[in-house]
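Below: the structure, in structure tokens.
Nothing in this text is a laboratory measurement; each read-out follows from the coordinates by a stated rule. All values derive from a computational prediction rather than experimental measurement. Please note: Cβ atoms are built from the backbone with ideal geometry, for glycine as well, and neighbour counts cover all protein chains shown.
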Amino acid sequence: MRLKELFSAKDMTQGAPWKRILEFTIPMLLGNVAQQLYNTADSVIVGHYIGDLALAAVGSAGPILNLLLALFVGISTGAGIVVSQSFGARDRDGLTHSIGSCIALSAVASVIIMVVGPLTSMPMLRLLGTPETIIYWCRDYLNIFFVGIVGFFFYNMLSGVLRGLGDSASALLFLLAAAALNVVLDIVFVAYFDMGVAGVALATVIAQAISAVMCYMKLLRMADLFDLGLHTIRLRPAMAGRILRIGVPSGITQAIMAMAGMVVLNLTNAMGEMVIACSVIIMRVDGFAMMPNFSFGQAMSVYAGQNVGARKFDRVFSGVRQGGLIAAGFSTVITVVLLFFSKYLFAFFTDTPELIDLAVRMIRLMAVGYICISVTQVLGGVMRGAGDTVTPMWVSIISTIIIRVPTAYLIAYFTRSEAYPHGAPWALFGSLMISWALGMVISIAVYAAGRWKKKMYAARENGVGEKQEAGR
């Protein structure tokens, strides 16, 4: 493949499904790894230059960030699906209107979070029982992130548009550059300017803003596919409504997962700083371990969306089989690595032997669950790409709220001891493994039930190609 073709829109309605899926997934996987480097670089630098308490502070801020940003992340998912269906249908007007609406939605969401975020950060930290030893570090980290949220929003939305067009390589390139800058700024702000946790947040905000600018410049160079200018950037009711109808259920899914994380965080905080720090470094490694699963899930959404737009429904089904096998293979390799080499991975984050040993025991408890997640993500991605974002939402509600949260508290209650008066740490991670396994079973069942197929067959007639309505 020539360099120009690599960094251009990709037609996933032609060729062998596994090849198209893999070509798209690998750059996106590398991009997701680079995205995870933002938080991982924060944790590594904070852990070594400031200490374990600061490491716990950065980790405790995560669930609150996830909750406030969840709805927007879901909307960006909806935008990518609308873009992929319009691209598959060769609908230039639909692409123009959807991209313009995406940018306008990003601007509105940025203003809302910039106002709401700083006002709610401290009350939420208090509500979660964040220890006084780290609460002000958490507040500073959150507030800087919220004030500079515009870069995060625009990067996620615009990179979602690029992926909807099949161009995952450009998003990768821009994110790699931003991730490298993030690491450099982390070291400069923390090690040389002694800015502490606030410096880590500022470095992330600057790097995300630069990646957003690069995405926008790339879209400006794709005039052969759609029009992009100030006259196209506005909220068109019909198009914005379509994006929201598809994206809001995905946002609710993200919010539910974040809320579940916050509820469990309350239990984590009660177990003390050592368990909090253990949870932080596990979640950092977990972030990398999840990347293939999330990447294949996103790839299947774009793949299904383009083929639904082109009315090539048989390719959707063959893509599920081939993409699912590849995703499961990736997750199996990751499981083996975590079972045998996790000790060396955790040593990057801390020099405390007790913390490393605790984290190793916990990650081994949940390692096999990554294979279960691969199945859930692939099936959920196909359903979302077909236009059914409600079914994956219910799968998430059941697995996280109904299964994971009560299970964590029940295990904690029955494992209380003198060493762990609020329950054993494995309650946090054993409950994750149980919810992942049952979530896979539920996903297989609802995929077989076929509600998503009705959405798929109706998508072309009822959504894609409505040029006149979308332009109103």
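List of remarks:
- Segment 212-371: relative contact order in percent, alpha carbon pairs under 8 Å with at least 6 residues between: 23 percent
- Only Cα pairs under 8 Å and 6+ residues apart enter the sum, and on that basis the relative contact order of segment 148-253 stands at 34 percent.
- The alpha-carbon atoms of segment 369-456 define a convex hull whose volume equals 71 cubic angstrom per residue.
- A Cβ-based charge dipole, computed about the Cα centre of the chain with Lys and Arg at +1 and Asp and Glu at -1, lands at about 1800 debye.
- Relative contact order computed over the chain (Cα-Cα under 8 Å; 6+ residues apart), in percent: 24 percent
- Along its principal axes, segment 261-373 has C-alpha extents of 55, 31, 20 angstrom, given from the largest down.
- Calculated P(r) tail over 18 Å for segment 112-180, as whole % of Cα pairs: 54 percent
- Per DSSP, loop trypsin sites (Lys or Arg not before Pro) in segment 192-301 with at most 12 further Cβ within 10 Å: ARG221
- Here the Kirkwood formula puts the hydrodynamic radius of segment 312-413 at 16.1 Å, using every distinct Cα pair.
- Using the empirical formula 2.2 N^0.38 Å as the baseline, the Cα radius of gyration of segment 34-165 reaches a ratio of 1.25.
- Calculated on the Cα set of segment 265-308, radius of gyration then Dmax: 16.6, 50 Å.
- Taking max minus min of the alpha-carbon positions on each principal axis, segment 198-350 gives extents of 53, 42, 30 Å, largest first.
- Each part gets one Cα centre, and for segment 402-424 versus segment 111-134 those centres are 26 Å apart.
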